[in-house]
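Here is the structure we will look at, set down as structure tokens.
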Amino acid sequence: MTRFLAMRLLSLTLSLVAASVVIFAVIEVIPGDPAAYMLGLNADPDAVAALRDELGLNGSVLSRYLHWIGGALQGDFGQSYTYRVPVSELILQRTQVSGPLAIYALLLSVLIAFPVGIIAASRRGKPADYGIMAATQLGIAVPNFWFAMLLVLVFAVKLHWVSAGGFPGWDGGLFTGLKALTLPAIALALPQASILARVLRSSLLDTLHQDYIRTARAKGLSRRQTLMRHALRNGLIPVLTILGLQFSFLLAGAIIIENVFFLPGLGRLIFQAITQRDLIVVESVVMLLVFAVILVNFTVDIAYAIADPRLRRHR
Amino acid sequence: MKLPLQLWIGFGLFAFFVLAVLLSFFWTPFDVTVLDISEKLLPPSSRHLLGTDHFGRDMLSMLMVGARTSIAVAIIAVGIGVAAGVPLGLLAAANRGSLLDEIIMRGNDLVFAFPSLVIAILITAVFGPSAVNAILAIGIFNIPVFARVTRGAALSLWTLDYIMAARVAGKRALRISLEHILPNIANVLIVQGTIQFSLGILAEAGLSYVGLGAQPPTPSWGRMLADAQTMIYTTPRLAILPGLAIVLAVLGLNLMGDGLRDFLDPRLRRARQ
């Protein structure tokens with residue numbers, strides 16, 4: 001296990017370094033002079049020179065990269081050019097919306113998918129199974145931001161149960177904050193729950209063919225007991241994989257959904273930064289998102305190895 | 001062998017959209033490039049079957065022309081994924097366990113850590129928004145998907161006796177990959193292609209919705225949704241129709257993919273009987 005962990009940690013570090021190099025190259029090397037780019041075509045040469053100085057663009061590419069990554073490791077992402085505040089401050093503030101939204105949606109999708117997937121698997125070939133398979137097929141096809149608009153139409157415009165958007169912040173209490181995130185989280189969770197339920201169903205059906213399930217049945221356990229005690233535990237591995245992959249889709253989805261509900265999260269920050277050509281903000285947020293995806297997948301890998309010792313050897 | 005029902009439904013839905021796209025090149029009920037404010041926000045009627053939008057453009061015509069963008073972006077993105085991913089996967093499988101295999105697979109992992117939205121954000125931040133960004137972003141995201149699927153399917157073939165026979169006969173890895181491996185994994189690739197196609201339509205809609213994809217005046221389902229958002233209180237129809245088009249197109253492709261997988265995979269077919 002120690003060897004496995006060491007190898008995984010090494011590959012994690014390499015992935016993080018490689019990802020940061022790619023992002024740095026795209027943002028700071030490809031456009032030529034980022035300072036001139038950020039200030040636009042008719043910029044005063046003196047202003048460009050000043051910004052180049054401020055951004056530390058006068059060193060070599062390597063020294064700039066090391067400076068940037070060194071700062072980022074200490075939580076210093078530089079200054080936002082448009083907001084005139086440290087980028088880390090902006091990110092911290094916006095993550096308080098996007099982070100809870102993604103986690104809320106992940107929890108919802110698990111809470112929906114598990115019972116639904118288990119019911120479908122235990123009623124295989126019966127009407128309940130067909131109904132669930134049809135509903136989840138539809139759930140996968142629905143774009144989450146469109147579903148979000150429909151939710152706004154029904155629950156905010158027609159029923160007036162919730163406001164159509166905006167975020168009051170966490171200062172007003174946990175409940176007020178969660179209430180504002182509920183519709184967005186439902187919209188994000190629906191497609192993910194549909195995928196998860198289908199994966200859980202087929203993974204359960206696979207394990208139900210195994211010999212040990214027959215043994216469990218033979219020693220007198222009911223179908224239900226076998227399913228819950230033996231099949232579910234062993235059918236969890238593929239579900240875990242999908243759950244890890246979903247996190248990156250949830251983050252990306254959260255960024256899009258924030259536009260529907262006018263939530264002041266990372267998505268709003270990054271789209272404003274793109275229109276204002278604030279490359280420093282774009283670079284930092286992209287790095288944060290990519291690092292989050294890599295770290296989640298790393299955690300899932302480790303979780304497998306703990307759940308299934310056989311996987312440690314092959315990787 | 002009977003074709004699965006879902007394959008028929010899926011194919012029917014997909015064919016419907018393809019026909020609409022083909023038809024849109026020759027004829028649409030109205031010209032979508034002409035704005036007529038006096039005709040704006042008309043409810044559905046015999047003249048405008050699905051009504052008009054806030055610029056007085058016919059919604060049916062907009063949906064038909066918008067389908068072009070969605071389908072074109074998704075097809076080209078799948079093409080990029082196949083053109084780059086399949087050779088990489090074949091190469092990795094033919095050199096299993098080698099340094100090259102390791103480099104290709106780790107490279108895949110790296111690209112995989114960039115969701116297509118993030119790729120689109122990076123490209124747009126540097127080059128500005130355009131429909132080409134959406135194609136590139138979704139296409140790049142597709143590369144590791146196809147590389148992985150190809151490698152996985154090819155690896156299991158490399159262990160088979162007839163491949164061994166071909167090697168003993170002196171065929172090189174490249175020729176074996178092209179003559180024996182590729183035709184035998186075509187099924188898997190077709191199914192994966194259908195899935196990526198439907199994901200591509202969803203991704204394109206999302207990117208255009210947030211302004212990273214097709215730009216005005218090119219109609220696209222995602223942009224129509226973005227335009228409709230502010231009018232959802234007064235004219236919800238404008239937001240409902242493009243969404244329905246996306247759902248039906250994606251649903252059709254997914255059903256087609258599932259049906260093809262069941263139909264093309266003999267093991268699954270047997271397991272079902």
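None of the figures in this text is laboratory data; all of them are computed from the coordinates on show. For clarity, every value in this text was computed on a predicted model and none was experimentally measured. Virtual Cβ from ideal backbone geometry, glycine too; neighbours counted across all protein chains shown.
Using alpha carbon centroids, what distance separates the stretch A:249-269 and the stretch B:158-228, in Å? One Cα centre to the other: 28 Å. Take chain B and mark each of the chymotrypsin sites (Phe, Trp or Tyr not before Pro) that is in a DSSP loop with at most 16 other Cβ atoms within 10 Å; the longest unmarked stretch, sites excluded, is B:56-232.
Normalising the average separation of contacting C-alpha pairs (under 8 angstrom, six or more residues apart) by the number of residues puts the relative contact order of chain B at 26 percent. Work out the charge dipole of chain A with +1 on the Cβ of Lys and Arg and -1 on the Cβ of Asp and Glu about the Cα centre, then indicate which of A:138, A:103, A:72 is farthest towards its positive end. Working it through, the farthest residue towards the positive pole turns out to be A:138. Annotation note: chymotrypsin sites (Phe, Trp or Tyr not before Pro) in the stretch A:134-220 located in DSSP loop regions with a Cβ neighbour count of at most 12 within 10 Å are A:161.
Listed by chain and number, the lysines whose C-alpha is less than 29 Å from the C-alpha of residue A:179, apart from same-chain residues fewer than 8 away, are A:158. Sum up the charges of everything whose Cβ sits under 12 Å from the Cβ of residue A:51, counting Lys and Arg as +1 and Asp and Glu as -1, but leave residue A:51 out. Local net charge: -4. Ignoring aspartates and glutamates fewer than eight residues from residue B:40 along the same chain, the ones with Cα atoms less than 15 angstrom from its Cα are B:31, B:53, B:58, B:227. Put in line by how crowded their Cβ is, counting other Cβ atoms within 10 Å and starting with the fewest, A:53, B:161 read B:161, A:53.
Rounded to the nearest 10 degrees, the inclination of helix B:116-127 to the longest alpha-carbon principal axis of chain B is 70 degrees. Please label the shape of chain A as rounded, prolate or oblate, based on the square roots a ≥ b ≥ c of the eigenvalues of the alpha-carbon gyration tensor (a/c under 1.5 means rounded; beyond that, a/b larger than b/c means prolate, else oblate). The shape class here is oblate.
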